[in-house]
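Comments concern the structure below.
The values are calculated or read from the model by the stated rules, or taken from the named source; none is laboratory data. Predicted model, so just to flag it, every value in this text is computed and none were measured. Every residue, glycine as well, gets a Cβ built from its backbone with ideal geometry; the counts of neighbours run over all protein chains shown. Surface accessibility is based on the protein's heavy atoms, side chains included, excluding ligands, DNA and RNA. Shrake-Rupley method; radii C 1.70, N 1.55, O 1.52, S 1.80 Å.
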Amino acid sequence: MQGIDINRHIDEARFGNLHLKIIIACAILLIVDGYDVFIYGVVLPQLMDQWGLTAPQAGSLASWALFGMMSGALLFGPLGDRIGRKTCITICFALFSAATFINGFATTPTMFGVLRFLAGLGCGGLMPNAVALALLQRLAAVRGRLSLCADQAAAAKWWLSMPMASVSAEGPMPKALSTRRTSPL
């Protein structure tokens, strides 16, 4: 009985629609991660007015999400190795989506911060698992290009999520971007 060398089989496979769909889905998940960061910046002035927050207090609310992202990467990265990347991505995306949705109904800064932390957990877990899943589609013919695409998708999330966040929060152009500020110099 002859065994199958799975690594050789993957390396020799042709790049097909399934591989492309997996990579596009992972790129979309990375864009969602960037959306979370930008949407906070868009709604921050309204939160400061409504809750009477000072700049340091608003900054600490932002750090809750970043701490959640760090914790999520440390927790869900290794968990993806144990339970599978797709399962872990599904858990992280559900956690991020639920926490972000509920966050829209937060009535206190503490509730907002805790929900930002939970959303950060999901976001932090998405990044290592989505990149790993995309890179696991490592066909020998396109291995280098896939690695470059994963890096570019991680960078592009910032540029693609910024317009999405501004449109969803305030319409096509937020006031902060549409008001021209001129320097006295």
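Whole-Hz Karplus ³J(HN,Hα) for the stretch 78-90, in order, using 6.51 cos²θ - 1.76 cosθ + 1.60 and θ = phi - 60°, x for Gly and Pro?
Values per residue, Gly and Pro as x: x, 5, x, 5, 7, 9, x, 5, 5, 5, 5, 4, 5 Hz.
How large is ³J(HN,Hα) for each residue in the stretch 97-107, as worked out from phi by the Karplus curve 6.51 cos²θ - 1.76 cosθ + 1.60 (θ = phi - 60°), to whole Hz, x for Gly and Pro?
Values per residue, Gly and Pro as x: 5, 5, 5, 5, 4, 5, 4, x, 10, 4, 10 Hz.
So how do TYR35, TYR40 rank on accessible area, 1.4 Å probe, biggest first, that is with the largest at the start?
TYR35, TYR40
Please list, by residue number, every one of the trypsin sites (Lys or Arg not before Pro) in the stretch 1-85 that is coil in DSSP and has at most 12 other beta-carbon atoms within 10 Å.
ARG14
Any chance you could list the semi-axes, whole Å, largest first, of the equivalent ellipsoid that the Cα gyration tensor gives for the stretch 7-119, using √(5λ)?
35, 14, 11
Under the Karplus relation 6.51 cos²θ - 1.76 cosθ + 1.60, θ = phi - 60°, what is the ordered set of whole-Hz ³J(HN,Hα) values for the stretch 43-48, x standing for Gly and Pro?
8, 4, x, 5, 5, 5
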